[in-house]
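The values are calculated or read from the model by the stated rules, or taken from the named source; none is laboratory data. For clarity, every value in this text was computed on a predicted model and none was experimentally measured. All Cβ positions, glycine included, derive from the backbone under ideal geometry; neighbour counts span all protein chains shown. The accessibility values were calculated without ligands, DNA or RNA, using every heavy atom of the protein model including side chains. Shrake-Rupley method; radii C 1.70, N 1.55, O 1.52, S 1.80 Å.
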Amino acid sequence: MAAILPPGTLHVGMQLPIQSQSRLYAEAWEDGAGPDELAALARACDRAGFAYIAVCDHTAIPRSHAGAMGTEWWDTMTTLGWLAGVTERIRLISHVSVLAYRHPMMSAKAFATLDRISKGRAIVGAGAGHVEAEFEMLGVDFKTRGRALNEALELLDLALREEYVTFAGQHWRVDDMGARPRPVQTPRPPIWIGGSAGAALKRVARYGDGWLPQGSPRETYPAQLAELRRYREEFGRADERLDIGAIPEMIYVGEAGWDVGAHTLTGSADKIAESLRWYGEQGANQIQVRFRSRDLAELLDQIARFAAEVAPHLS
């Protein structure tokens with residue numbers, strides 16, 4: 001496997017609002033929104049030519065974290081499966097699925113089914129997770145989650161490629177077990193891996209077809225990307241194309257007329273596009289955007305304006 005996004009442009013994806021409502025980024029209007037609004041946004045991204053839409057993965061949030069994270073986190077695979085039915089072209093990604101929470105054969109079944117019902121639009125987004133109490137609740141060792149994720153990636157890769165699987169690891173064993181449906185994409189759906197620390201970058205270099213940064217502001221992004229390239233050389237994958245992501249600041253296309261925050265890219269389309277092209281100059285080929293908005297109509301307008309005015313200048 002290797003990169004799936006065509007070269008020559010900076011592709012755009014979006015982690016959908018509403019389905020995850022961390023207090024760190026959710027807008028006030030999302031609290032009263034539901035499936036109708038989510039479907040409208042997914043279809044808008046599809047019409048806009050975005051490369052993908054993403055859904056998060058948390059089961060339950062401890063009260064100690066709820067002040068920042070909230071507790072509104074929709075089930076990842078249920079939501080992605082439903083979104084497959086209300087969209088036509090756009091790819092569907094888990095950003096990110098915490099593979100250690102589940103047996104990898106269950107994850108393989110879920111992603112293979114998603115790929116089948118979406119007619120080949122699934123992307124596996126995988127990560128280590130970070131909420132220790134959530135691991136404890138699920139009976140999973142938080143301290144060994146990195147090793148568990150590495151093993152899960154190996155087993156998931158095998159199960160998405162082959163109908164019958166035999167695997168012997170420290171965390172999971174499978175003895176000649178077969179599973180259908182098979183994915184539409186061959187040899188399997190792409191696997192993009194999240195995280196920006198050294199261990200995560202090494203994991204991307206070894207197992208990933210793409211990188212989903214988490215915690216990569218502009219001041220650290222070039223160094224992290226250089227580290228990822230060094231690891232790719234170490235694993236003999238330097239010549240393979242990799243879908244490299246970036247998460248820029250919040251965006252508001254045009255003059256807002258209201259306080260969109262000091263750390264928001266705003267103003268003319270040319271100004272925003274110039275700022276975003278910086279990521280492409282570093283080596284990224286996809287960016288995950290999020291727009292400031294006061295209601296659904298404003299967010300739909302921002303998606304449409306970005307697609308019409310900014311995206312054409314990201315080549």
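Annotations for the structure displayed:
- Count of residues meeting criterion [open to solvent by 60 Å² or more (accessible area, probe 1.4 Å) and under 26 Å from Leu299 (Cβ atoms)] in the stretch 229-279: 12
Yes/no per residue for (1) over 22 Å from Asn285 (Cβ atoms); (2) among the small types (Gly, Ala, Ser); (3) surrounded by 15 or more Cβ atoms within 10 Å (Cβ to Cβ); (4) touching a Lys or Arg at 6+ places or on another chain (Cβ under 6 Å):
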residue	(1), (2), (3), (4)
Glu132	yes, no, no, no
Val140	yes, no, yes, no
Arg161	yes, no, yes, yes
Tyr164	yes, no, no, no
His171	yes, no, yes, no
Val174	yes, no, yes, no
Glu219	no, no, no, no
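- Subset tally (residues that are in contact with a strand residue (DSSP E or B) (Cβ under 6 Å, 6 or more places away or on another chain) and more than 11 Å from Pro248 (Cβ to Cβ)) for the stretch 270-285: 2
- Screening the stretch 193-215 for residues that are hydrophobic (A, V, I, L, M, F, W, C) and open to solvent by less than 30 Å² (accessible area, probe 1.4 Å) and picking the one that is farthest from Arg232 (Cα to Cα) gives Leu212.
- Taking every residue in the stretch 213-229 that is under 15 Å from Lys202 (Cβ atoms) and pairing it with any residue that is of a type outside the set (S, T, N, Q) and assigned to a helix (DSSP H, G or I), at least 6 positions away or on another chain, the pairs with Cβ-Cβ distances below 7 Å are Gln224/Leu201; Glu227/Gly198; Glu227/Leu201; Leu228/Leu201; Leu228/Val204; Leu228/Ala205.
- Restricting the stretch 46-72 to residues that are within 12 Å of Gln19 (Cα to Cα) and open to solvent by less than 50 Å² (accessible area, probe 1.4 Å) leaves a set whose member that is farthest from the chain's Cα centre (by Cα) is Gly70.
- Matching residues in the stretch 130-144 - criterion: being in contact with a helix residue (DSSP H, G or I) (Cβ under 7 Å, 6 or more places away or on another chain) and closer than 12 Å to Thr59 by Cβ: Val131, Phe135, Leu138, Val140
- Test: Ala179 is small (Gly, Ala, Ser) and surrounded by fewer than 20 Cβ atoms within 10 Å (Cβ to Cβ): yes
- Within the set Arg102, Arg121, the sole residue that is basic (Lys, Arg) and under 17 Å from the mean Cα position of the chain (by Cα) turns out to be Arg121.
- The stretch 142-159, subset open to solvent by 30 Å² or more (accessible area, probe 1.4 Å) and part of a loop (DSSP other than H, G, I, E, B), residue farthest from Asp115 (Cα to Cα): Lys143
- The set of residues in the stretch 154-189 being in contact with a Gly (Cβ under 6 Å, 6 or more places away or on another chain) and under 29 Å from Gln224 (Cβ atoms) consists of Gln185 alone.
- The number of residues in the stretch 294-315 that are farther than 15 Å from Ala44 by Cα and either surrounded by fewer than 16 Cβ atoms within 10 Å (Cβ to Cβ) or touching a residue at least 60 places away in the same chain (Cβ under 8 Å) (or both) comes to 5.
- Residue list for the stretch 1-45, filter: touching a residue at least 60 places away in the same chain (Cβ under 8 Å), part of a loop (DSSP other than H, G, I, E, B), open to solvent by 30 Å² or more (accessible area, probe 1.4 Å) and not aromatic (Phe, Trp, Tyr): Met1, Ala2, Ile4, Pro7, Gly8, Thr9
- Subset of the stretch 188-212 (residues that are touching a residue at least 24 places away in the same chain (Cβ under 8 Å), over 15 Å from Gln288 (Cβ atoms) and hydrophobic (A, V, I, L, M, F, W, C)): Ile191, Ala199, Ala200, Leu201, Val204, Ala205
- Neighbours by Cβ (under 7 Å, 6+ apart or cross-chain): first from the stretch 73-87, in contact (Cβ under 8 Å) with a residue 40 or more places away in the chain and over 17 Å from Gln21 (Cα atoms); second open to solvent by less than 10 Å² (accessible area, probe 1.4 Å) and assigned to a helix (DSSP H, G or I): Leu83/Ala42; Val86/Ala39; Val86/Ala42; Thr87/Ala42
- Pick from the stretch 102-111, criterion in contact (Cβ under 8 Å) with a residue 12 or more places away in the chain and surrounded by fewer than 23 Cβ atoms within 10 Å (Cβ to Cβ), ranking: nearest to Leu149 (Cα to Cα): His103
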